[in-house]
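Asker: Input: one structure, supplied below.
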Amino acid sequence: MKSLNQIVLDQTDILKAVEYLRQGELVAFSTETVYGLGADASNEAAINKLYVTKGRPDKHPVIVHLADIEQINNWCRDIPDYALAIANRFWPGPLTLIAKKKAHVSMNITGGQDTVGIRIPAHPIAQALLKTFGGGIAAPSANKYGRVSSTCAEHVKEEFGDEVKMILDGGKCLIGIESTIVDVTGTSPRILRPGFISEGDLLDVIGNGLLKNISEDCNSTARIRVPGSDKSHYAPRTPVLLLDKSSFNSFFEQNTSGQYTYAVLALNKCVYNNCNIKEYIEIQNDPRLYANILYANLRQLDKAGADYIVIEEPQNEPEWAAINDRLRRAAAK
Ligand code: TXA
Ligand code: MG
């Protein structure tokens with residue numbers, strides 16, 4: 001497995017990947033958030049293959065990845081000034097904007113909606129691929145529908161085996177959770193999926209008062225469907241119990257019968273003497289580090305084959321918002 005400082009851009013691999021994309025094949029590639037499963041966004045047959053391979057329902061839209069900001073006008077229309085300010089500040093980077101789509105953009109990638117998701121990733125492999133390809137690459141996270149995202153090439157192999165023509169291995173993803181998604185179709189931006197770029201980061205660019213939080217809109221008629229906000233998502237196969245600090249601490253005192261086995265993700269040393277623990281991971285109380293290895297940890301816990309994965313819930317603070325969002329969905333039925 002490569003680490004980021006070992007990455008050598010191999011132009012032969014990039015050219016081979018571009019050739020596959022032009023032939024309508026799927027290519028997985030690293031980004032700074034998670035690995036993407038890419039297809040030519042202008043090729044209907046390739047998009048169909050992407051949905052079938054991922055096992056994704058056809059009403060769930062995918063993000064179009066581009067090399068640079070100049071290209072967004074080929075895909076979107078009526079982009080408000082505040083959105084351009086956000087784009088100029090955070091692209092290339094871990095941000096996706098949902099904007100009104102141009103007429104030629106296929107309904108197959110927008111889930112039948114009049115909007116398209118656009119992202120300009122910063123990772124050198126993604127950048128090289130996109131620049132050489134020239135067009136848009138539709139890429140959901142490289143995992144089977146509803147499951148845990150991939151943050152290294154090994155994960156992609158575990159998910160898809162030979163179903164994917166090629167994996168451009170850029171080492172472990174630096175951020176480790178998916179991009180922040182912001183709806184910019186209205187007069188003010190709305191966060192649809194929290195991520196590394198926080199609400200505070202957006203406010204620094206657009207000023208107070210303009211940002212709408214998704215929760216505000218939850219009970220009103222939402223302008224946009226966001227299937228990735230399905231209650232259950234990012235889910236290991238093993239059922240997940242997400243417990244706040246005090247429930248987590250008492251859980252192991254109360255469940256000593258030996259009836260069930262557990263795989264544990266703890267923030268603090270926990271005492272589980274009389275319990276049947278098949279895997280135990282303790283992680284530092286640091287949101288960046290936690291995000292960076294979250295999916296690798298969920299995969300490791302899943303592999304333990306325990307009856308339950310038990311996770312100590314991080315504190316309810318803004319810097320943990322994106323992680324808590326993923327953990328809650330992983331634990332949802
Ligand atoms: O970091 C990321 O965003 C990664 C990397 C590969 O770029 N991609 C990713 O894609 O997480 P995916 O498909 O797993 O999640 C994208 C989310 C989905 O929840 C989808 O519903 C939403 O973006 N989305 C995409 N286009 C949309 C649109 N036009 N309207 C509303 N939601 C959209
Ligand atoms: Mg995904």
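Asker: Filter region 104-124 down to the residues that are among the small types (Gly, Ala, Ser) and within 26 Å of residue 52 (Cβ to Cβ), then identify the one that is modelled with the highest pLDDT.
Answerer: 117
Asker: If residue 285 passes every condition in (1) surrounded by 13 or more Cβ atoms within 10 Å (Cβ to Cβ); (2) more than 21 Å from residue 233 (Cα to Cα) but one, which one does it miss?
Answerer: Against the list (1) surrounded by 13 or more Cβ atoms within 10 Å (Cβ to Cβ); (2) more than 21 Å from residue 233 (Cα to Cα), residue 285 comes up short only on (1).
Asker: Filter region 247-258 down to the residues that are at pLDDT below 90 and exposed (fewer than 12 other Cβ atoms within 10 Å of the Cβ) and list them by number.
Answerer: Result: 254, 257, 258.
Asker: Which of the residues belonging to region 101-146 are charged (D, E, K, R), in contact (Cβ under 8 Å) with a residue 24 or more places away in the chain, more than 22 Å from residue 195 (Cα to Cα) and surrounded by fewer than 22 Cβ atoms within 10 Å (Cβ to Cβ)?
Answerer: 102, 131
Asker: Tell me whether region 157-179 contains one or more residues that are modelled with pLDDT of 95 or more, of a type in the set (S, T, N, Q) and closer than 21 Å to residue 35 by Cβ.
Answerer: Scanning region 157-179, I find at least one residue that is modelled with pLDDT of 95 or more, of a type in the set (S, T, N, Q) and closer than 21 Å to residue 35 by Cβ, so the answer is yes.
Asker: Hey, another quick one. I want to confirm something. Restricting to region 29-53 and keeping residues that are within 13 Å of ligand 2 (Cβ to nearest atom) and either of a type in the set (A, V, I, L, M) or farther than 18 Å from residue 159 by Cα (or both), which single residue is surrounded by the most Cβ atoms within 10 Å (Cβ to Cβ)?
Answerer: Within region 29-53, the match that is surrounded by the most Cβ atoms within 10 Å (Cβ to Cβ) is 37.
Asker: For region 92-109, enumerate the residues that are more than 16 Å from ligand 2 (Cβ to nearest atom) and either within 24 Å of residue 59 (Cβ to Cβ) or in contact with a Lys or Arg (Cβ under 8 Å, 6 or more places away or on another chain) (or both).
Answerer: Hits for region 92-109 are 97, 99, 100, 101, 102, 103, 104, 105, 106, 107, 108.
Asker: What single numbered condition from (1) aliphatic (A, V, I, L, M); (2) without any contact (Cβ under 8 Å) to a residue 60 or more places away in the chain; (3) within 22 Å of residue 206 (Cα to Cα) fails to hold for residue 45?
Answerer: That leaves (3) as the condition not met.
Asker: Take the conditions away from ligand 2 (no atom under 16 Å from the Cβ) and either within 19 Å of residue 193 (Cβ to Cβ) or touching a helix residue (DSSP H, G or I) at 6+ places or on another chain (Cβ under 7 Å) (or both) and apply them to residue 154. Does it pass?
Answerer: The answer is no for residue 154.
Asker: Let me ask you something else. Looking at residue 24 and the list (1) within 17 Å of the chain's Cα centre (by Cα); (2) on the phi > 0 side of the Ramachandran plot, which single condition is not satisfied?
Answerer: (1)
Asker: Determine the pairs where a residue that is under 16 Å from residue 324 (Cα atoms), located within region 174-190, has a partner that is away from ligand 2 (no atom under 13 Å from the Cβ) and of a type in the set (D, E, K, R) with Cβ atoms under 7 Å apart, the partner being 6 or more residues away or on another chain.
Answerer: 175/32
Asker: Please state which one of 56, 89, 119, 22 is within 16 Å of ligand 2 (Cβ to nearest atom) and out of contact with any Lys or Arg (no Cβ under 9 Å at 6 or more places or on another chain).
Answerer: 119
Asker: Pick out the one residue from 197, 191, 120 that is closer than 16 Å to residue 65 by Cβ and among the hydrophobic types (A, V, I, L, M, F, W, C).
Answerer: Step by step, each of 197, 191, 120 is checked, and only 120 is closer than 16 Å to residue 65 by Cβ and among the hydrophobic types (A, V, I, L, M, F, W, C).
Asker: Still on this structure: Given (1) farther than 22 Å from residue 321 by Cα; (2) within 12 Å of ligand 1 (Cβ to nearest atom), where does residue 171 come up short, assuming only one miss?
Answerer: Every listed condition holds for residue 171 apart from (2).
Asker: Quick one: would you say residue 85 is without any contact (Cβ under 8 Å) to a residue 12 or more places away in the chain and either farther than 16 Å from residue 63 by Cβ or among the hydroxyl-bearing types (Ser, Thr, Tyr) (or both)?
Answerer: When the stated conditions are applied, residue 85 does not pass them.
Asker: Does residue 318 fit the bill of being surrounded by 15 or more Cβ atoms within 10 Å (Cβ to Cβ), more than 16 Å from ligand 2 (Cβ to nearest atom) and within 20 Å of the chain's Cα centre (by Cα)?
Answerer: In short, no.
Asker: How many of the residues in region 56-74 are surrounded by fewer than 16 Cβ atoms within 10 Å (Cβ to Cβ) and modelled with pLDDT of 95 or more?
Answerer: 5
The values are calculated or read from the model by the stated rules, or taken from the named source; none is laboratory data. Please read all numbers here as calculations on a predicted model, not as lab measurements. Backbone-built Cβ (ideal geometry, glycine too); neighbour counts: all protein chains shown.
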